[in-house]
1. Rounded to the nearest angstrom and ordered from largest down, what semi-axes does the equivalent ellipsoid of the stretch A:201-273 get from its C-alpha gyration tensor (root of 5λ)?
2. How long is the stretch A:297-432 along each principal axis, judged by its Cα atoms, biggest number first, in Å?
3. Applying the Karplus parametrisation 6.51 cos²θ - 1.76 cosθ + 1.60 with θ = phi - 60° to the phi angles of the stretch A:434-447, what ³J(HN,Hα) value in whole Hz is obtained for each residue in order, glycine and proline being reported as x?
4. Step through the table entries A:LYS193/B:LYS63; A:LYS244/A:LYS385; A:LYS80/A:LYS394, compare each Cα-Cα distance with 29 Å, and write down the pairs that go over it.
5. Report, by chain and number, residues whose modeled amide H sits under 5 Å from the one on A:CYS213, excluding near sequence neighbours (fewer than 5 apart, same chain).
6. Within 10 Å of each Cβ in peptide A:209-219, how many partner chain Cβ atoms are there on average? Round it to a whole number, please.
7. For chain A, list log₁₀ I(q)/I(0) at each q in 0.12 Å⁻¹, using the Debye formula over Cα point scatterers of equal strength and ignoring solvent, two decimals each.
8. Would you work out if the stretch A:149-217 is rounded, prolate or oblate? Take a ≥ b ≥ c from the square roots of the eigenvalues of the alpha-carbon gyration tensor; rounded if a/c is under 1.5, else prolate when a/b is larger than b/c, oblate otherwise.
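Where a number appears in this text, it was derived from the coordinates with a stated rule and is not lab data. Not measured: the values here are computed from a predicted model. In this analysis, Cβ positions are derived from the backbone assuming ideal geometry, glycine residues included, and neighbour counts consider all displayed protein chains.
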Amino acid sequence: MSTICQSSAATIAGLVQKGEYSARAVTEAFFARADRLDPSLHAFLELQREAAFAAASRVDDQRARGEPLGPLAGVPIAVKDNLVRRGLVASAGSRLLETYRSPFTATALRRLEDAGAVLIGRTNMDEFGMGSSTENSAFGPTHNPWRLDHVPGGSSGGSAAAIAADLCALAIGSDTGGSVRQPAAMCGVTGLKPTYGRISRSGLIAYASSLDCVGAFARDAADLQLFLDATTGVDPADATTVPKPTNDATARTDLRGLRIGVPWELNGPGLDDDVANATTSALEVLRELGAEIVELSLPSTAHAVPTYYLVATAEAASNLARYDGVRYGARRTGTQRCEAMMAATRSAGFGAEVQLRILLGTFALSIGYQDEYYGQAIRARELLKNDFATAFTKCDVLFHPTSPVAAFPIGSRIDDPLAMYLCDALTVPASLAGLPALSQPCGFTTDRLPIGMQWTAPAMHDELLLRIAAIYQRHTDHHLQRPAP
Amino acid sequence: MRGVTFQASGASTGVFRAARRGGARDQPALASLDMSLAPGFRLSRMRRPVMTPPSIDRPLLQKLADLARLHVPSDRQAALLQNLTRIVAAFDALRALPTPPPRPTETPTAAAPLREDQAEPPLPTDDVLANAPQRAGGMFVVPRVVDA
């Protein structure tokens, strides 16, 4: 049964559609593999067997009745713990929401289920998406399948580890400042952060609303097109969603004439040697495939990390105000006054990094500091958007590494927030500009940890990224490498 | 203070010619935080005079905690103060953006399409209240807010 677990989502859907596999059999195979491997990985917080087998049976019943099946028929999908499903727990990796059961289902998940997907469980994450290693989960860290004493990246580290270890055929994550792309790089899989607004955020537990995007992981870039096709489009429940674009990238079958912009600020200084060497080699391959390399500059990326952390924490301080012990989760009792109850509940329920970011965001928004910090950050964000707009007059896509370093040992950075924030230096620029970005494997370190390279395209050109990634895959085998079982 | 930079690399093969020239140009993204820790960073491009980063002291920490409805126990205050001070100092270069400041970007979506207002049935009250720690008569119950 291991073969089915290593198949692409498209292959699995095809097998189920043709009746060569039942959706229930596929689901059983993935649960058996997860039962065997996840105890050492901790990618999942919960395997939702009952709901998964019910969904699989619906697909099988549809087929038995001769009804057409969806494009994701029987495809087992792991879901980050910050996307809600009606009646099931979604905790966002937080003790505060440990028992929270949603009264509704996230639009993206509903659309995946409508396409025939089988959602098999919720995956571990940094609490509320705040972290780059999944060590900030209230429920313990996830381990990187390539080396168990290393982090998988974050914040969607559980989803990245699950897809890397073949515990699911697609994995859903969310990306606020790199939380899909960075763990994709560290786990050797492909991860897509779509254009802001292409996928509804309704039912995504908010971290920073102007940055949050639902994204996904796959072993095969083509599977991400299935994800995007199923989930994209306007949702009345999210006013920032945009219609499906009309631009079509399917005509591109090779890389000849593709202008690849290489911003020096994100490609040279400060990178780990192995990362620099791998992305340099990848660029040579791309050149050999006919792409044109255009050297350029994105000067405002020098401010990207402070800009991101001030915008994100300011929005987080506001978004997380709702966890006050009144409407959700556990209440810390023993006090007779409402405000004291709220402070006691929040202090007991939030982890240390979440509290640090709430305090930083509160600082950035407080009287006397707001214009100097939050105000400057949103002005710097405009400068960054302008830099990208200028760059895209000279090139079709941008290229640089996803993370300056490969996966690092668990515990090695967790006590130094600034060092952890720097892990996001190469992913936050596209987030701030709302642009689609994709990470795909491009090599390994000398001690065999995966390295990812990142593509960024103009807004609404997500499909171009997927085409480029698929073409690169046709000529390389980095994406076919697997961690030892 | 602990270092926050990554090891400089030897990424100086042909495709990164521009990167090699970087030292004479603007700051690379990865160096910005570390450089911003150095006094006088990018003085020549300051939009306004360099300001001393605000001191994050215990009274300010207490004020922020009160605003955020957090209780910071005394044994955690020193570590929080240290982290906040380092972060705010590292982010201080942002206060020196080049002139003129452009309009702010608060959301990346320029114009989301408008739709007709349509009344939709709300979520059932019982469903919404199901996660409440305490409820009565279709309402959330909280401890006393005002004095009797």
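1. After scaling each eigenvalue by five and taking roots: 28, 21, 14 Å.
2. Its Cα atoms span 63, 38, 25 Å along the three principal axes.
3. For the stretch A:434-447, the Karplus-derived couplings read x, 8, x, 8, 9, 10, 9, x, 9, x, 9, 6, 5, 9 Hz, x marking Gly and Pro.
4. Details: A:LYS193/B:LYS63 37 Å; A:LYS244/A:LYS385 22 Å; A:LYS80/A:LYS394 37 Å.
Among A:LYS193/B:LYS63; A:LYS244/A:LYS385; A:LYS80/A:LYS394, the Cα-Cα distance tops 29 Å for A:LYS193/B:LYS63; A:LYS80/A:LYS394.
5. When sequence neighbours closer than 5 places are left aside, the close amide H contacts are A:ASP175, A:THR176.
6. 1
7. -1.00
8. prolate
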